[in-house]
Amino acid sequence: MTPRRCFLRSATLLSLLAALLSATAACLEVGFYDTRCPSAETIVQQTIATAFRNDSGVAAALLRLISDASTSLLQGCDGSVLINSVPPNSSTAEKDAIPNNPSLHFFDVVDRAKAALEAQCPGVVSCADILAFAARDSVVLTGGLGYQVPAGRRDGRVSNESETNQLPPPFFNSTQLAENFASKNLTLEDMVVLSGAHTIGVSHCSSFAGIPNKDFGDRLYTFNGSADGVDPSLSKAYALLLKSVCPSNSSRFFPTTTPFMDIITPTKFDNKYYVGLQNNLGLFISDAALMTNATMKSLVDSFARSESTWKRKFAKSMIKMGQIEVLTGTQGEIRRNCRVVNPATTGSQVVTESGSSGFHGAAAS
């Protein structure tokens with residue numbers, strides 16, 4: 001079996017000892033399923049590859065799922081974003097909250113991977129780990145670098161729409177973005193690096209045109225302080241294009257309209273997102289915000305110059321993000337169906353969710 005590997009931050013001796021004590025009880029491992037379910041990562045990879053051949057949009061969707069799964073305030077990366085709402089007596093689940101619906105999709109691909117794993121290794125591979133593997137495979141399929149994924153996550157048993165309150169919205173400025181990521185022990189560099197995931201995928205008009213709510217994120221029609229209503233940090237030509245796609249007349253607006261987030265190479269995992277930022281082609285206010293802070297702008301310029309540097313750093317930041325507030329050891333459960341928590345009668349699989357293993361930092365260089 002691959003040796004146990006914990007990923008710890010640089011720290012003082014005291015904090016390092018505390019982290020090591022925590023890691024002794026619960027730690028993610030590269031090769032976690034080598035003896036438990038040797039074909040686990042292969043099964044997930046084959047499932048994602050098949051789905052990708054049918055619709056390349058699955059890659060960006062799965063990247064979005066791991067992002068949401070990792071950055072919710074309390075649950076962390078525990079697969080809670082996959083749980084269905086159970087009306088009428090329960091609260092709305094994360095996947096059905098306003099920031100996620102209808103943005104999150106391709107849950108059926110995760111279902112297929114889980115079904116294949118349950119057939120091969122019943123009750124062994126968590127939904128949270130499936131998301132982590134699927135995100136890595138999506139990066140590779142679209143042109144990014146592969147990386148080893150530390151595994152051993154357990155699944156949470158709670159999913160609540162309030163968890164999405166901590167997701168950074170598309171209208172955040174640079175200060176708000178930095179504070180949001182710092183709250184999860186993610187650095188300024190991590191934030192700029194991970195923003196590069198916008199190099200693939202699509203958005204909805206409401207995220208940048210303020211439709212139907214013009215109070216937030218409107219860069220096209222009612223931008224504050226602009227004579228023509230257009231955000232001055234947005235290319236005029238690009239603004240005209242976006243207006244043709246997302247007209248202000250609500251009777252002509254359709255919620256299924258999905259413009260690409262990277263207009264240069266929308267389906268390729270490359271550094272053109274950063275090139276676009278340099279040319280005022282960032283889709284969201286939060287994209288343009290990366291050019292308003294000297295440190296962030298320096299990172300954008302660096303990644304625009306060197307695609308290989310960004311890809312390497314993206315892999316490291318993804319590993320780091322995937323370890324945010326994970327459940328391990330005897331915490332949580334191994335969900336048999338990623339959409340539904342296990343019934344209480346499944347015995348030892350269902351345990352009290354008393355906490356999380358916490359954040360153990362980034363992979364070594």
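Within the bounds of region 203-215, is there any residue that is surrounded by fewer than 18 Cβ atoms within 10 Å (Cβ to Cβ) and at pLDDT 85 or above? No - not one qualifying residue is present in region 203-215.
Across region 218-254, which residue is surrounded by the most Cβ atoms within 10 Å (Cβ to Cβ) among those that are modelled with pLDDT under 70 and of a type in the set (Gly, Ala, Ser)? Let's see the steps before the verdict.
At the first step, the residues of region 218-254 found to be modelled with pLDDT under 70 are 249-254.
Now drop any that are not of a type in the set (Gly, Ala, Ser), which leaves 250-251.
Numbers: Ser250: 8, Ser251: 6.
If we take residues in region 218-254 being modelled with pLDDT under 70 and of a type in the set (Gly, Ala, Ser), then Ser250 is surrounded by the most Cβ atoms within 10 Å (Cβ to Cβ).
Of all residues in region 181-201, those satisfying the criterion of being closer than 16 Å to Gln278 by Cα and within 13 Å of the chain's Cα centre (by Cα) are Val193, Ser195, Gly196, His198. With respect to the conditions (1) surrounded by 16 or more Cβ atoms within 10 Å (Cβ to Cβ); (2) among the aliphatic types (A, V, I, L, M); (3) modelled with pLDDT under 90, Leu13 lacks only one, and its number is (1). Of all residues assigned to region 80-94, at least one qualifies as being at pLDDT below 80 and within 30 Å of Thr187 (Cα to Cα). Pairs only if they're at least six apart or on different chains, beta carbon under 7 angstrom, first in region 219-242 and under 16 Å from Leu281 (Cβ atoms) and of a type in the set (S, T, N, Q), second modelled with pLDDT under 95 and in a loop (DSSP other than H, G, I, E, B); list them, first residue then second. Close Cβ pairs satisfying both conditions: none exist.
Restricting attention to region 115-136, and to residues there that are of a type outside the set (A, V, I, L, M) and crowded, with 24+ Cβ neighbours inside 10 Å, which single residue is nearest to Thr199 (Cα to Cα)? Don't jump to the end; show me each part of the working.
Residues of region 115-136 of a type outside the set (A, V, I, L, M): 118, 120-123, 126-127, 129, 133, 136.
Applying the additional criterion that residues be crowded, with 24+ Cβ neighbours inside 10 Å yields 126-127, 129, 133, 136.
Working: Ser126: 28, Cys127: 26, Asp129: 24, Phe133: 20, Arg136: 15 Å.
So the residue we want is Arg136.
A Cβ distance below 6 Å, combined with a sequence gap of six or more or placement on separate chains, defines the contacts here; from region 106-129, residues that are outside any helix (DSSP H, G or I) reach residues that are open to solvent by 40 Å² or more (accessible area, probe 1.4 Å) in the pairs Val124/Arg36. Pairs meeting the criteria (first residue in region 261-277 and without any contact (Cβ under 8 Å) to a residue 40 or more places away in the chain and within 15 Å of Thr142 (Cα to Cα), second residue open to solvent by 30 Å² or more (accessible area, probe 1.4 Å) and in a loop (DSSP other than H, G, I, E, B), beta carbons under 8 Å, at least 6 apart or on different chains) are Ile264/Leu281. Can you find a residue in region 27-42 that is assigned to a helix (DSSP H, G or I), open to solvent by 50 Å² or more (accessible area, probe 1.4 Å), among the acidic types (Asp, Glu) and at pLDDT 90 or above? Yes, there is a match, as at least one residue in region 27-42 is assigned to a helix (DSSP H, G or I), open to solvent by 50 Å² or more (accessible area, probe 1.4 Å), among the acidic types (Asp, Glu) and at pLDDT 90 or above.
The values are calculated or read from the model by the stated rules, or taken from the named source; none is laboratory data. As the structure is a computational prediction, the values presented were derived from the model and not from experiment. We place every Cβ from the backbone using ideal geometry, glycine too, and count neighbours over all the protein chains shown. Just the protein is used for accessible areas: all its heavy atoms, side chains included, with ligands, DNA and RNA removed. Shrake-Rupley method; radii C 1.70, N 1.55, O 1.52, S 1.80 Å.
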